[in-house]
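Working notes, beginning with the structure itself.
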Amino acid sequence: MVVEPAASTHISEGQEGEEQQREEQQYRVLPEVQIVPHRLLSEETGMKLVEELKTVGLVSRVAYAGPGDTIGYIWVEVFGFHEKTMERIRAACDKYLPFGYDLSVGRFTKYRKTVSDYIREDMMRRLREKLAELAERGEEGEGGEEENRRR
């Protein structure tokens, strides 16, 4: 049985051939399985689970997040999605999460840059340029500062 992902891709009409295939691959949205343990995991237990999830077939990547040295969310991105994949993910979770967990299928992490990311990159680039400019001025004007202090 094939489980359909919650997220989908949109390709505008009129695109043809290789151009369409390139765009599909560039913005292809792979489904994810979100694992939310009923308790925060220690880093040790969380990493054991993450390593086991990496061995499940069709897994593209595994990401996790949590406060401090604990893990509260795990996202497993998969290439095609089949019931066997879900069974293997459940088996790994049953092994390391005896206290319970919730599984959801969809898209939970970013798969491409957002407008905010582009704005942040531009701001950081401008800041680096300004700091480099100030550093150059500082090197040129070092002698002048010492003279001002002496006066």
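The values are calculated or read from the model by the stated rules, or taken from the named source; none is laboratory data. Just so you know, these numbers come straight off a predicted model, no measurement behind them. Positions of Cβ are generated from backbone atoms using ideal geometry, with glycine treated the same way; all protein chains shown enter the neighbour counts.
Within the stretch 30-56, track down each residue that is in a strand (DSSP E or B) and surrounded by fewer than 19 Cβ atoms within 10 Å (Cβ to Cβ).
Taking the stretch 30-56 as the starting set, the residues that turn out to be in a strand (DSSP E or B) are 32-37, 41-42.
Listed by number, the residues that qualify are Gln34, Val36, Ser42.
Remark: pairs (first residue in the stretch 24-44, under 19 Å from Leu58 (Cα atoms) and at pLDDT below 85; second residue small (Gly, Ala, Ser) and surrounded by 13 or more Cβ atoms within 10 Å (Cβ to Cβ); Cβ separation under 8 Å; 6+ apart in sequence or on different chains) = Val29/Ala7. If you go through the stretch 95-116 and keep only what is at pLDDT below 95, part of a loop (DSSP other than H, G, I, E, B) and not aromatic (Phe, Trp, Tyr), you end up with Arg107, Thr109, Lys110, Arg112, Lys113, Thr114. Look at (1) β-branched (Val, Ile, Thr); (2) surrounded by 13 or more Cβ atoms within 10 Å (Cβ to Cβ); (3) outside the structural domain of Gln34 (by TED's automatic domain parsing) and you find that Ile119 fails only one, number (2).
If you scan the stretch 57-94, which residues turn out to be part of a strand (DSSP E or B), crowded, with 18+ Cβ neighbours inside 10 Å and of a type in the set (Phe, Trp, Tyr)? Listed by number, the residues that qualify are Tyr64, Trp75. Against the conditions (1) within 30 Å of Val76 (Cβ to Cβ); (2) modelled with pLDDT of 90 or more, Leu131 satisfies every one except (1).
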